[in-house]
Amino acid sequence: MMPCALRCALSATLAAASAILGFCVASFPASAQSSEAIQRLRCLACHAGANRLTAPAKAAQTRGGTISIPDFRDADHGQIHCLDCHSKGFANFPHRGMKTETCMDCHPRKEKGAEDDKPYDFDRMREEYEGSVHFTEFKHAKEKCCGTSTGKPVHAAPEVTSGTGDPHRKAAEQRFTCEHCHEPHYFKATKRIKDPQLILANDNGPCLTCHKDGATGALADPAEPNLLKAHSYLPHAELHLSGTRCVDCHTSVMSAVAHDLPLGKKADQGCNSCHSIDSVLLTRLYRYVDPSETKLGFHNVRILQDGYVAGANRHKWTDLAAYALMSLGLALVLAHGAWRVLARRQSGARRGGEVEP
């Protein structure tokens, strides 16, 4: 008689294997199922299911080796064969001499799917990214697969700690790559997400992973003393942090997709960029919604559904009333000034007439 615990474990294992096999078979056309599905099944035998930790050669380094199959399947790369990106040394276990293609190895595409890449200027994005502190800070470090290694960065070379050398120099065990923000297994382009609030959560997630209070990890750089204090110069800073994307202020407003990340005051795009009738939010965070919709006289109603943005959610009748009042006030000032000038001239004329013989 098989023990109950063993039967349960065997049943769970068979159920997981059936689900993985079903995913593999459903993910590929019939002509490719026999080879690609079997290979993917081999990959998922270790990289799907309950989370397991792998231990690299260096001590004190562990990282998750599994992925969420439902989330991966729903992502932009969900139908890509594992070995299309993990191109060398991954077909057999243990993996040796491994090579993984990075974002710029495939994009911009020239074959199937090339149309999807046309709205993006990848050469410009690469140039902007390589000029940002994300790249330059770890430029000389080793590039790791998928940006997932969790080795802690070394923040100062030995000569720095001894009092010599450049105190701002940092070295790390891995280079910052596109994959640190655009996790390849789960990445979704914003045009697929479309809803501004979902885009907000999706795009701020990678930033907060490294920059939120108390962040840890290979390339973490948490704000000092915290994010709210760092943005205290903003009125209602908490509302700004919860209602806008980091990239809408910390990148150039000239392009819907920008990677320049200027430092210091250069990152401040100015209040009017968002707080105006032609708010930059319309071409960035809200670029997939109809900007022409009005309701009860309010402009930019879709933004108003998520929160009132002074200047962007103006009311046309209130604007007209304000313009009318301002015009009336100006007219009264001009009329009063004209009356004073005319009265002074008449008074001067009378006094001049009295002194004549």
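Where a number appears in this text, it was derived from the coordinates with a stated rule and is not lab data. This is a predicted model, so every value here is computed, not measured. Cβ placement follows ideal geometry from the backbone for every residue including glycine, while neighbour counts extend to all protein chains displayed.
Odds and ends about this structure:
- Applying both filters, DSSP loop and at most 15 other Cβ atoms within 10 Å, to the chymotrypsin sites (Phe, Trp or Tyr not before Pro) of the stretch 252-330 gives 288, 308.
- Computed E for residue 228/residue 139 - FRET, C-beta separation, R0 30 angstrom, nearest 0.05: 0.45
- Residue pairs, from the table 144/229; 99/139; 144/265; 88/112; 194/295, whose Cα atoms sit over 25 Å apart: 144/229; 144/265
- Estimated from the Cβ-Cβ distance and a Förster radius of 51 angstrom, the FRET efficiency linking residue 344 and residue 240 is about 0.45.
- Rounded, prolate or oblate (a/c below 1.5 giving rounded, otherwise prolate when a/b exceeds b/c) for the stretch 211-343 by Cα gyration tensor: prolate
- Of the trypsin sites (Lys or Arg not before Pro) found in the stretch 65-117, those that fall in a DSSP loop while having at most 12 other beta-carbon atoms within 10 Å are 96, 110, 112.
- Taking label points 7 Å from Cα along the Cα-to-Cβ direction, residue 123 and residue 277 give a separation of 3.9 nm.
- Counting Lys and Arg as +1 and Asp and Glu as -1 over every other residue whose Cβ lies under 11 Å from the Cβ of residue 244, the net charge comes to -1.
- The string of couplings for the stretch 338-348 from the Karplus curve (6.51, -1.76, 1.60, θ = phi - 60°) is 5, 5, 5, 5, 5, 5, 5, 5, 5, 5, x Hz, one whole number per residue in order, with x for Gly and Pro.
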